[in-house]
Amino acid sequence: MKYSDSGWLFQGEVGSNIPHGISEKDIFSLLDLAREDELWAKQVRSEVIYQDTHPGNSLTEFLLEQIRVLNVAGSIVSYPFGDALTFGSSRHFFRGERAAYDKTVPSLNRKITGMSPRDQELYRAISHMRIHQFSEFLWNIHITSRWIATLSDINDLALAQHYGFETHLLDLTNDFKTALFFATSRYDAKTDSYYPLTKKDIEQSEKTRYGVIFHAPNWTIDYFQPMPNFESKAYKKLMGMESGEIRRAADSGDWDGIAFQIGFQPFLRCRAQSGYIFPMCKDVPLQENPKFEKLRFKQTQKLSEKVFELMDGGKKVFPYEGLSEARPVLTAMQNSWTFSEDDLNALFEWEQVDLSLFPNAKELKTAFAGWSFEGNTIKIIQDKVDYPIAPSIMERINAMYDSIDIEKEIGNIIHIRPEQKKYRDGIYTMLYGQGREIEVER
């Protein structure tokens, strides 16, 4: 197999939404292509290092340099919802699934299907308040404040997605090996771990006999490519083609159909999986999205075991880390029905509420008072909701993250614009009461 000049594997059938059958031989051919993409990324990195020491003066050279910087690990880039510290990009996006499902949509979409628009917005608000509690909990971990004060913002929504909270996001990756791992492995929620497929897993139904990998060239959906932005609801609002204010929240519906790199985060799972988020608040299932090729293959125990071994038993994409120690706390948050006034107000601060339904926090709180879901009623309290965790556990969590060499992880390149550096300096002073020094790459 090989990619066409425009990045497709099946150039003649682009947009057909017909699944393409691929063999095990094709899969290993795609692994070879993945290695070529890794070499491409290394070449981009070499070019960036050269440009840093031999800057050009022409506009063309400047623009090419900016494109290279966006594709190399260690660049601070700005999204509508905050800054991110990039890992190395590639030219493709993938998503792997261990069965031929009928509809691939985010967890929150599945939860609110069939509800009235008002009830959907109420449950959506609950999911966001749970994520706000998760975000607040992260500040108990020392690396959170250090990261925000010196490097970039933390993508709370993407982290919540990766650690089991309901969202309007789907996970994508720019690494074929990662997608293949998820397409050939079984997740056990009880142990929060992955395992190779057994014969019983494969023969469970006709759908489980097949694995599926979705593929899209980066130019079709990447935020840093022109076409996806021109097709977004946010752009249509900006140009007056649709009414309403642009909402910066990634899962507001304004950014559906655009892939955003999660980038390096202070917690390991996202970057281990070369993760991107793909908002789908109101978008169609991937099976109906013409920007994705659908690759279907027959599952075998042998293939599953080969891939599992290739990915070091899952450790390369699903590392054990400090947050795993806090799993009981995260589970409690994911099932919470009690929230603070701050949790409620954060919904409006981060533009996560449809103001045409609930213009302010008071009206939303009133709506909660007369509403329940599956027998659960919502309670809004004045004080912060407490999720106790033993000091010894927090010590272990902090010890694990304190030992991480951040510069080594990102490859010792940090491209940060002067205005971004000034912003981080201000946060550092606010948190620590003194200035700091960080070299700015130009």
- Message: Among the residues of region 249-258, are any acidic (Asp, Glu), more than 16 Å from residue 93 (Cα to Cα), surrounded by 15 or more Cβ atoms within 10 Å (Cβ to Cβ) and over 15 Å from the mean Cα position of the chain (by Cα)?
- Response: yes
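Is region 365-381 home to any residue that is among the charged types (D, E, K, R) and either at pLDDT below 95 or part of a loop (DSSP other than H, G, I, E, B) (or both)?
Yes, some residue in region 365-381 is among the charged types (D, E, K, R) and either at pLDDT below 95 or part of a loop (DSSP other than H, G, I, E, B) (or both).
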- Message: Can you tell me which condition residue 84 does not meet? The list is (1) out of contact with any Gly (no Cβ under 9 Å at 6 or more places or on another chain); (2) at pLDDT 70 or above; (3) buried (at least 16 other Cβ atoms within 10 Å of the Cβ); (4) within 25 Å of residue 178 (Cα to Cα), and all the others hold.
- Response: (1)
- Working only within region 307-341, note down all residues that are part of a helix (DSSP H, G or I), among the acidic types (Asp, Glu) and under 23 Å from residue 394 (Cβ atoms). 325
- Item | Subset of region 355-368 [surrounded by fewer than 11 Cβ atoms within 10 Å (Cβ to Cβ) and closer than 20 Å to residue 112 by Cα] | 356
- Query: Here are some residues: 208, 178, 184. Which one is surrounded by fewer than 22 Cβ atoms within 10 Å (Cβ to Cβ) and either among the polar types (S, T, N, Q) or closer than 30 Å to residue 145 by Cβ (or both)?
  - Reply: 208
- So, first residue in contact (Cβ under 8 Å) with a residue 60 or more places away in the chain and hydroxyl-bearing (Ser, Thr, Tyr) in region 140-152, second residue surrounded by fewer than 18 Cβ atoms within 10 Å (Cβ to Cβ) and not in a helix (DSSP H, G or I), Cβ within less than 8 Å, six or more apart or across chains; the pairs are 145/139; 150/436; 150/438; 152/82
- Pick from region 211-233, criterion surrounded by fewer than 22 Cβ atoms within 10 Å (Cβ to Cβ) and among the hydrophobic types (A, V, I, L, M, F, W, C), ranking: nearest to the chain's Cα centre (by Cα): 224
- Selection from region 1-18 of residues part of a loop (DSSP other than H, G, I, E, B) and out of contact with any helix residue (DSSP H, G or I) (no Cβ under 9 Å at 6 or more places or on another chain) yields 8, 10, 14, 15, 16, 18
- Which ones in region 187-201 are surrounded by fewer than 17 Cβ atoms within 10 Å (Cβ to Cβ) and either farther than 22 Å from residue 164 by Cβ or out of contact with any Lys or Arg (no Cβ under 7 Å at 6 or more places or on another chain) (or both)? 187, 188, 189, 190, 191, 193, 198, 199, 200
- Query: Do the conditions hold for residue 281, that is, is it in contact with a His (Cβ under 7 Å, 6 or more places away or on another chain), closer than 30 Å to residue 349 by Cα, assigned to a helix (DSSP H, G or I) and among the hydrophobic types (A, V, I, L, M, F, W, C)?
  - Reply: no
- Item | region 223-235, subset touching a Phe, Trp or Tyr at 6+ places or on another chain (Cβ under 9 Å) and without any contact (Cβ under 8 Å) to a residue 24 or more places away in the chain, residue nearest to residue 280 (Cα to Cα) | 233
- Query: When region 87-110 is examined, which residues are found to be at pLDDT 90 or above, among the polar types (S, T, N, Q) and part of a loop (DSSP other than H, G, I, E, B)?
  - Reply: 104
- Take the residues of region 124-157 that are among the small types (Gly, Ala, Ser) and modelled with pLDDT of 95 or more: which is farthest from residue 86 (Cα to Cα)? 125
- Given 164, 240, which one is without any contact (Cβ under 8 Å) to a residue 40 or more places away in the chain and either under 20 Å from residue 101 (Cβ atoms) or not aliphatic (A, V, I, L, M) (or both)? 240
- Query: If you take the residues of region 399-434 that are under 23 Å from the mean Cα position of the chain (by Cα) and over 18 Å from residue 74 (Cβ atoms), which of them is surrounded by the most Cβ atoms within 10 Å (Cβ to Cβ)?
  - Reply: 401
- Message: Where the second residue is hydrophobic (A, V, I, L, M, F, W, C) and surrounded by 13 or more Cβ atoms within 10 Å (Cβ to Cβ) and the first is closer than 26 Å to residue 325 by Cβ and at pLDDT below 90 and lies in region 187-206, which pairs have Cβ atoms under 8 Å and are six or more apart or on separate chains?
- Response: 193/318
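Quick one: which of 245, 288 is more than 20 Å from the chain's Cα centre (by Cα), modelled with pLDDT of 95 or more and closer than 26 Å to residue 80 by Cβ?
Numbers: 245 fails: modelled with pLDDT of 95 or more.
Sole residue among the options that is more than 20 Å from the chain's Cα centre (by Cα), modelled with pLDDT of 95 or more and closer than 26 Å to residue 80 by Cβ: 288.
This table checks each residue for (1) at pLDDT below 90; (2) more than 27 Å from the chain's Cα centre (by Cα); (3) under 29 Å from residue 311 (Cα atoms).
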| site | (1), (2), (3) |
| --- | --- |
| 3 | no, no, yes |
| 7 | no, no, yes |
| 11 | yes, yes, no |
| 15 | yes, no, no |
| 34 | no, no, yes |
| 37 | yes, no, yes |
| 43 | yes, no, yes |
| 54 | yes, yes, no |
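The values are calculated or read from the model by the stated rules, or taken from the named source; none is laboratory data. Quick caveat, the model's predicted, so the values are computed rather than measured. Note that each Cβ is placed from the backbone with ideal geometry, even for glycine, and that neighbours are counted across all protein chains shown.
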